[in-house]
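The values are calculated or read from the model by the stated rules, or taken from the named source; none is laboratory data. Keep in mind that this is a model prediction, so the values were computed, not measured. We place every Cβ from the backbone using ideal geometry, glycine too, and count neighbours over all the protein chains shown.
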Amino acid sequence: MRDEVSALRTVAAYQFGSGAGQALVPDDVTVTHTSSGRPRQLHTETGRLATYGTDGRFTLGVTGGRRLQGALRRPRYRVVVGDESRPYVAEGRNAFAKFVREVDTGIRPGDEILVEHTGGDLLAVGRARLSGTGVGSFGTGVAVTVREGVGDASSAERA
């Protein structure tokens, strides 16, 4: 188990940067496995941290997003939206480029990211549809496909 936790921390640090390994894979993590023995779900008592995909990357749960939010300095892996988007994104709806107020310019399409409110509250986790620089250039369209919002009652069904 210790070797597996260490390997998962290495993947998290590679995917999200320094400090992400310990944040996303804490000492009290519970790892569930596929029938073939591959790691699949990472949980703590407070909820699902992430899913380890067959592509070797993590997809975040809100609990994991909160932990990463504390470990990564703003704006790393973040899209920040204003008041007009807050209730919709928190319910699990997508974040649109025209409502983005701040973005990590290093984001690439397909990256797992955090969606925050300008006040710093985590609203959702999801996958970037546009690059960080593309969000400002396009100004329209979906910036983030939200997987789970903080107020999304159906999010457990999609995990």
Being at positive phi, of a type in the set (Gly, Ala, Ser) and not assigned by TED's automatic domain parsing to the domain that holds Leu24 narrows Gly134, Gly106, Gly110, Gly82 down to just Gly110
The residue that is surrounded by the most Cβ atoms within 10 Å (Cβ to Cβ), considering only those in segment 1-22 that are among the aliphatic types (A, V, I, L, M) and under 21 Å from Gly110 (Cα atoms), is Ala12
In segment 49-93, anything in a loop (DSSP other than H, G, I, E, B), surrounded by fewer than 19 Cβ atoms within 10 Å (Cβ to Cβ) and touching a strand residue (DSSP E or B) at 6+ places or on another chain (Cβ under 9 Å) is listed as Gly53, Arg57, Arg74, Pro75, Gly82, Asp83, Glu91, Arg93
Q. Would segment 128-139 turn up any residue that is part of a loop (DSSP other than H, G, I, E, B), of a type in the set (Phe, Trp, Tyr) and touching a residue at least 12 places away in the same chain (Cβ under 8 Å)?
A. no
For segment 34-48, the count of residues that are in a loop (DSSP other than H, G, I, E, B) and under 17 Å from Glu148 (Cβ atoms) equals 1
| query | Would you call Arg147 buried (at least 21 other Cβ atoms within 10 Å of the Cβ), under 24 Å from Asp55 (Cα atoms), modelled with pLDDT of 95 or more and among the basic types (Lys, Arg)? | reply | yes
Checking Ala95, Ala13, Ala90 in turn, the sole residue that is of a type in the set (Gly, Ala, Ser), touching a residue at least 12 places away in the same chain (Cβ under 8 Å) and under 17 Å from Glu112 (Cβ atoms) turns out to be Ala95
Restricted to segment 24-48 and to residues being polar (S, T, N, Q) and surrounded by 10 or more Cβ atoms within 10 Å (Cβ to Cβ), the residue farthest from Val125 (Cα to Cα) is Thr34
